[in-house]
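None of the figures in this text is laboratory data; all of them are computed from the coordinates on show. Keep in mind it's a predicted model, so treat the numbers as computed, not measured. FYI the Cβ positions are ideal-geometry reconstructions off the backbone, even for glycines, and counts take in every protein chain you see.
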Amino acid sequence: MPLNTVLYRRLRGPLRTFFSASLIFLFARPAALGADYDISYLWHPDPASVAAYRTRVAKILGPEVAGKLRVVRGADNYGLIYRRRGGLDSARTVARAHSRILSSRGLQPAAWVPARNWAARRTPPAQETPTDEPRAEPAPSGLEADIEAHIKDLRRRGLIGPAERTAWAVYDLSSDKKLVSINEDLPLSAASLIKPFIALAYFHEAAAGRAPYDSRVRARMERMIRDSDNAEANWFFRRLGGPAAVQRLLKRNYGALLRGISIVEYIPPGGRTYRNKASAHDYSRFLHAMWNGQLPRSSEIKRLMNLPKRDRLYTSVPGVPEGVEVYDKTGTTSRLCGDMGILVAKEADGEALPYIIVGVIESGRSSRDFYRWMRTRGDVIRQVSEMVYREIAGPLRSREPGPFNAGAASGGGSAAVVNRAKVTDGSI
């Protein structure tokens, strides 16, 4: 079958038009390098669209391929090329393999094309080298400034104490942009926010064949994440050799993701765990890697974090509509209130809009009224979650004006109830 027919059949919709034009350019004269072949992923008249597509492909295919991905100029459009300069048989093999991977993630299939002296895009993309974490781009001023102003107003009104510290992170996974970074690298008490990291350590060992993951262990893992069961967390600690061993395992194998973690203690009786620490950036990088399948058993970690349970990002947040997917883990002690997670909003046409949101509030001393502390600080996180949803998904999709817009200090509304249970002075 002629090469142009293969390429044409592999593309769908309007991309066929763009690619057809590119074929005229590609084969108008012989390839300069004869028997060498490259891999093509996309041709489009808008260079920004190709650059954005490059970021997605690079993240999926990994750094080895990413280093040779180039946005190039055609006669009247732009293309994304993997400059591998290999033979035809190997090019076909690579194109098939990449097509399977990309198609499973909703992207276009790859195609082999004769290599040539590709003309580089005049203005290269700002981010040429992908990383295994959210990129540290300068945050737009709007949402971050709004959150900072809201927190300052709550402090002025006495609803957040002067000695309390807060940290916030928001990352738009659809556009691959960081939107908010407030005290993101500040190590704070982790409480039960540490439990997904314990799960990561265990799945690392399971993937290496050093730990079982049968139905009984799976039930324990569900209780640790869904029910925030401290006894189960300590069971996993013991199975892995203790907190210090978990710390070493994570720093050795995932140090680039979990740069600020400090795991030094089992969860004490009553859940009063204050010494384990992590930063909002650690949570954000972890969630980013989980979402992009870069962790051992990423799909299982996602399933666990998606189990119905209490949260502060969706439940009782009137500005976040019912049906939004939630992947999260909360953490609460008498000194800390937090939630880290991914929410998946939906466009009117059904397109998914996933984003990371992390909110942590820490007090320097234990609250005398734990239940009030948990409720009021949890409501602050809910208010910020509503602000983030409105920024990313748009106000027309929310159910009603949020509590912070109405001047109230607490949440409410008709959000779906997810596995509510009595809260104790423990690590939630």
7 Å from Cα along Cα→Cβ at both Asp146 and Arg96: what's the point-to-point distance in nm? 5.0 nm
As an exercise, use a Förster radius of 30 Å and the Cβ-Cβ distance of Ser215 and Ser104 to find the FRET efficiency, rounded to the nearest 0.05. 0.65
Using label points projected 7 Å from each Cα along Cα→Cβ, tell me how many nm separate Ala208 and Glu64, to one decimal. 2.1 nm
Residue-wise HN-Hα coupling along region 268-277, computed from phi with Karplus coefficients 6.51, -1.76, 1.60 (Hz; x: Gly, Pro): x, x, x, x, 7, 9, 10, 8, 5, 9
Taking θ as phi - 60°, what are the ³J(HN,Hα) couplings along region 158-170 by the Karplus curve (6.51, -1.76, 1.60), each to the nearest whole Hz, with x for Gly and Pro? x, 8, 10, x, x, 8, 7, 10, 10, 9, 9, 9, 9
Which residues qualify? For Lys177, with a placed amide H closer than 5 Å and at least 5 residues away or on another chain, they are Asp172
So, counting K/R as plus one and D/E as minus one, what does the shell of residues with Cβ under 12 Å around Ala145 add up to? -3
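Using 0.36 nm per residue of separation minus the Cα-Cα distance, give me the extension gain between Asp227 and Tyr266 in nm, one decimal.
Working it through step by step, the gained length comes to 12.3 nm.
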All lysines inside 28 Å of Lys68 as judged from Cα atoms, apart from same-chain residues fewer than 8 positions distant: Lys59, Lys177, Lys178
